[in-house]
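S.K.: Following this message is one structure expressed as structure tokens.
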Amino acid sequence: MTEDRAPSLLALGYECLKNADLGNATRFFEEALQEDFDSAEVLFSLKCAQFWQGSIDEASQHDSPLAKGDQLVTRWKSFQVFLTRIPGDFEMARYAFKRMTFSIALDFYLAIPDEEKAALGPDFEFRAGRCRKALGDYETAQQHLERAVKIRKDDARYLAELADCHALSGEQRMSKVLFREAFFVSPDKIDIELLESDMIQKLAEKARERDLPEKEVSEWIPVYGELTGLFGAKRELGPQESSKLNSSMFQLENDLRENPGLGATLKPRLLNRYFWILDHLEASGADQSRSDKILLKIRLLDEEIFKQYVS
């Protein structure tokens, strides 16, 4: 045998992963290692296989299919951190392990008894939709997520996953509208590690340039979405929404005055509300003096953001 067999064995391993067969995939990777001890991709795949064997074993210790599925999705987020700690960046391997992970998670969710699925309601639709999206079945994923959003219109997680699904389907305008809504509602609830939209990942990288703790990155995504124009798809607010927006702004201003130590979270949320109010004032043809007051608030809160906004 020659080293030329190693790529073929890797490919066979990846096909096994796509069919949720980690055991045979690992055997192909081990055989590939015997053919080429120096292959970085083979070593990479074996390390990933070891990670997932442990993760699947952990998930199997849970009693309920729901807990097993949730465990695997959580481990996918940990896996992305794991990938930053090992040498190499092999997209085919990463994709194959992603297919395996979400295929197994989806099987667990589908195994939930019907009465429990009914009790979960939108939470089941959300979980199934997120898995379908990860597997590339965007049409079915969108159906699941739309049912979830119909029941819980203000759930940031549901909105963000539906927005991501639209982005991956090429429906960019609807995606931007939904992302803007999601990051307005609760940016801290959104798993940006599970979002695949290029736009969101670019905004996350922009936010990371501030040298933020990772948990604060999502808070700044809507701010940079506004500054870069990537959240440019907007909608007109109704009177009730406008009133709630202003109340939210005043509440955040009070919270920031009383708890300046929470500024890392409150500041970007407040900036985002200022941006929404400015958009609403412009759309409704309000007097410029009202916009000037909001612009002054932005300047006092963050001079650098103000300069970027008005430039």
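S.K.: From the residues in segment 85-102 that are among the aromatic types (Phe, Trp, Tyr) and surrounded by 17 or more Cβ atoms within 10 Å (Cβ to Cβ), which one is farthest from the chain's Cα centre (by Cα)?
M.R.: By that ranking, first place goes to 90.
S.K.: Taking the condition farther than 24 Å from residue 144 by Cβ and either among the small types (Gly, Ala, Ser) or free of Cβ contacts under 8 Å to residues at least 24 places away in the same chain (or both), does residue 225 pass? I'd like the intermediate steps shown before the answer.
M.R.: On the way: farther than 24 Å from residue 144 by Cβ: yes; either among the small types (Gly, Ala, Ser) or free of Cβ contacts under 8 Å to residues at least 24 places away in the same chain (or both): yes.
The answer is yes for residue 225.
S.K.: Under 8 Å by Cβ, and 6 or more places apart or on different chains, what pairs join a residue from segment 182-203 that is within 16 Å of residue 271 (Cβ to Cβ) with one that is outside any helix (DSSP H, G or I) and basic (Lys, Arg)?
M.R.: Every condition considered, no pair remains.
S.K.: Does segment 26-48 contain any residue that is without any contact (Cβ under 8 Å) to a residue 24 or more places away in the chain and under 19 Å from residue 108 (Cβ atoms)?
M.R.: Scanning segment 26-48, I find no residue that is without any contact (Cβ under 8 Å) to a residue 24 or more places away in the chain and under 19 Å from residue 108 (Cβ atoms), so the answer is no.
S.K.: What about residue 47, is it farther than 23 Å from residue 161 by Cβ, modelled with pLDDT of 95 or more and of a type in the set (Lys, Arg)?
M.R.: Numbers: farther than 23 Å from residue 161 by Cβ: yes; modelled with pLDDT of 95 or more: yes; of a type in the set (Lys, Arg): yes.
Against the criterion (farther than 23 Å from residue 161 by Cβ, modelled with pLDDT of 95 or more and of a type in the set (Lys, Arg)), residue 47 qualifies.
S.K.: Filter segment 52-84 down to the residues that are among the basic types (Lys, Arg) and surrounded by fewer than 19 Cβ atoms within 10 Å (Cβ to Cβ) and list them by number.
M.R.: 77
S.K.: Here is a further query. Determine, yes or no, whether residue 222 is under 21 Å from residue 311 (Cα atoms) and either in contact with a helix residue (DSSP H, G or I) (Cβ under 7 Å, 6 or more places away or on another chain) or at pLDDT 95 or above (or both).
M.R.: Considered against the rule, which asks whether it is under 21 Å from residue 311 (Cα atoms) and either in contact with a helix residue (DSSP H, G or I) (Cβ under 7 Å, 6 or more places away or on another chain) or at pLDDT 95 or above (or both), residue 222 comes out as yes.
S.K.: Let me ask something else. Would you point out which residue out of 270, 245, 203, 227 is within 30 Å of residue 284 (Cβ to Cβ) and in contact with a Leu (Cβ under 6 Å, 6 or more places away or on another chain)?
M.R.: 270
S.K.: Also, I was wondering about something else. Test residue 120 against the stated conditions and say whether it is in contact with an Asp or Glu (Cβ under 8 Å, 6 or more places away or on another chain) and more than 30 Å from residue 7 (Cα to Cα).
M.R.: So residue 120 does not fit the description; no.
S.K.: Confirm whether residue 214 is free of Cβ contacts under 8 Å to residues at least 12 places away in the same chain, closer than 30 Å to residue 91 by Cβ and under 19 Å from the mean Cα position of the chain (by Cα).
M.R.: Values: free of Cβ contacts under 8 Å to residues at least 12 places away in the same chain: yes; closer than 30 Å to residue 91 by Cβ: yes; under 19 Å from the mean Cα position of the chain (by Cα): yes.
Here the answer is yes, as residue 214 does meet what is asked.
S.K.: Could you check residue 74 against (1) β-branched (Val, Ile, Thr); (2) in a helix (DSSP H, G or I); (3) more than 24 Å from residue 128 (Cα to Cα) and say which number it fails?
M.R.: Failing condition for residue 74: (3).
S.K.: Something else about it: State whether one or more residues within segment 16-35 are among the β-branched types (Val, Ile, Thr), surrounded by 15 or more Cβ atoms within 10 Å (Cβ to Cβ), at pLDDT 95 or above and touching an Asp or Glu at 6+ places or on another chain (Cβ under 9 Å). Write out each step before concluding.
M.R.: Of the residues in segment 16-35, the ones among the β-branched types (Val, Ile, Thr) are 26.
Then drop every residue that is not surrounded by 15 or more Cβ atoms within 10 Å (Cβ to Cβ), which leaves 26.
This time we only want the ones that are at pLDDT 95 or above, so: 26.
Filter once more, keeping what is touching an Asp or Glu at 6+ places or on another chain (Cβ under 9 Å): none.
Scanning segment 16-35 turns up no residue that is among the β-branched types (Val, Ile, Thr), surrounded by 15 or more Cβ atoms within 10 Å (Cβ to Cβ), at pLDDT 95 or above and touching an Asp or Glu at 6+ places or on another chain (Cβ under 9 Å).
S.K.: Quick one: in segment 103-124, which of the residues that are among the charged types (D, E, K, R) and surrounded by 12 or more Cβ atoms within 10 Å (Cβ to Cβ) is nearest to residue 44 (Cα to Cα)? Can you show your working first?
M.R.: Within segment 103-124, the first condition is being among the charged types (D, E, K, R), and the residues that meet it are 107, 114-117, 123.
Remaining after also requiring surrounded by 12 or more Cβ atoms within 10 Å (Cβ to Cβ): 107, 116-117, 123.
Values: 107: 26, 116: 39, 117: 38, 123: 35 Å.
Filtering first and then ranking leaves 107.
S.K.: Collect the residues in segment 11-58 that are under 26 Å from residue 71 (Cα atoms), among the aliphatic types (A, V, I, L, M) and part of a helix (DSSP H, G or I), keeping them in residue-number order.
M.R.: Passing the criteria: 17, 22, 25, 43, 46, 49, 56.
S.K.: Going through 163, 233 one at a time, which residue ends up being outside the structural domain of residue 265 (by TED's automatic domain parsing), aliphatic (A, V, I, L, M) and in a helix (DSSP H, G or I)? Outline the logic, then answer.
M.R.: On the way: 233 fails: in a helix (DSSP H, G or I).
Selected residue: 163, the only one of 163, 233 that is outside the structural domain of residue 265 (by TED's automatic domain parsing), aliphatic (A, V, I, L, M) and in a helix (DSSP H, G or I).
The values are calculated or read from the model by the stated rules, or taken from the named source; none is laboratory data. Fair warning: this is a prediction, and the values are worked out from it, not measured in the lab. Every residue, glycine as well, gets a Cβ built from its backbone with ideal geometry; the counts of neighbours run over all protein chains shown.
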